[in-house]
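These notes concern the structure reproduced below.
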Amino acid sequence: MKSARFVVFQDKKKQWRWHLKAGNGRIIAQGEAHSRKADAQRAVRAVKAAVHQTRTLWTVSSKIDVKTRDALIAEISKSILRPSISGTLMR
């Protein structure tokens, strides 16, 4: 089975966007339009970093106290919600 992958592309209005596609080709997440390809690629890197942070958090969360866990969750949430990332997750 294929793994999920990010695709950066230019839309009909010449804006750069990204999609996260599941192994079956279904779009499972997408980002807003960017005027430059580099900005769309930067958004993809930010999403990947946020996912990595979240995985790390869940791996160690059973080994840390609640206060530390909540602080980590707050920090990750701030990084995910920064305006430069601005993606829309789809179900």
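Odds and ends about this structure:
- Taken over region 24-42, residues that are over 20 Å from SER3 (Cα atoms) and not acidic (Asp, Glu) amount to 8.
- So ALA29, is it crowded, with 17+ Cβ neighbours inside 10 Å, at negative phi and in contact with a Leu (Cβ under 7 Å, 6 or more places away or on another chain): yes
- Applying the criterion of at least 2 residues that are modelled with pLDDT of 70 or more and aliphatic (A, V, I, L, M) to the strands (runs of 3 or more DSSP E) found wholly in the chain leaves 5-10, 27-31.
The values are calculated or read from the model by the stated rules, or taken from the named source; none is laboratory data. If you're wondering where the values come from, they're calculated on a predicted model, not measured in any experiment. We place every Cβ from the backbone using ideal geometry, glycine too, and count neighbours over all the protein chains shown.
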